[in-house]
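Heads up: the structure comes next, in structure tokens.
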Amino acid sequence: MKCLRCQAALDLSKTQCAACGAPVDADGDGVPDVLAKMIEDKARALLATEKQREEEAAREAFRVQADAAEAAARRADEAQLAYLRGRRDASLSTVPRLWYASSGMLVLFALVAVVIGGCMLPFGLETTIGRSIVAAHVFCPSVCRGCRGPGRVVAWRESGSWYEADVSAEICHNRAVDIDRLTWNDITDREDKDLAPYRLTRWASVLMDFGLVFLPLLLVGPLVAAPRRRRQIERDCSCWEVEIDELERKLHHGGTRSPGDSP
């Protein structure tokens, strides 16, 4: 042991340093000052070591969390990259050449055909001009012997005490009755059995006019839609290519650091 003041050899059994006369236990706590100093230095060293270990443990935990977050982000980027590549490849494999039709287009064509061919033509145009566009030419020969188109479409309005409705009748041209000379009064006044053999149901015009509109839409619409669909796929693929390139660069540069390396 050495004296804290003069660094001379110190006899702990004495009360004073033999060289400088400094008291061995200056604070009177029963523990020589040199031993108290050694204990204090040792405690400080232990505390410093423990603090260093805690800091290293905290840094290690931070590295583990950072590596886990980076790995999760990398997996997410890889999944997004695979998704974009799949969409790009699927789109390129389905590029229409000359004809393209989707379920939405077919529904739209059907709605247009119902409105125009199923309603406007048979109950609007044909009623106005008084002639069937297609149905009479197709179906009248099967109604009766000698029946033919274009037939006659007559419309009138009936009303009663509790109802009011638009009524129309479609009659085929035939040899027995000159339908071109008939007025709607003649048709309504004559007994139904007199004209029934020559009548053509209005549903025939509805179905034929529907097909008359729907089939051209079904043939021409996809031809017009195909170039637009190709351009749309090209635009989508261009956007996907940009995202794919960015993700590939990100994964390439991020892959140079393995998990566990210091950030």
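Readers should treat all values here as calculations from the given coordinates under stated rules, not as data from a laboratory. Computed from a prediction, not measured in an experiment: that's the story for all the values here. As a convention, Cβ positions derive from the backbone with ideal geometry for all residues, glycine included, and neighbour counts pool all protein chains shown.
Per-residue packing, averaged as other Cβ atoms within 10 Å, sorts the ranges 118-129, 88-99, 51-62 into the order 118-129, 88-99, 51-62, beginning with the highest.
The modelled label-to-label distance for the pair Asp41/Thr201, using points 7 Å beyond Cα in the direction of Cβ, is 11.6 nm.
Amide hydrogen proximity for Gly151: with H placed 1.01 Å from N in the peptide plane, the residues at 5 or more positions away or on another chain lying under 5 Å are His173. Extension gain, Asp67 to Val114: 0.36 nm times the residue separation minus the Cα-Cα distance gives 10.8 nm.
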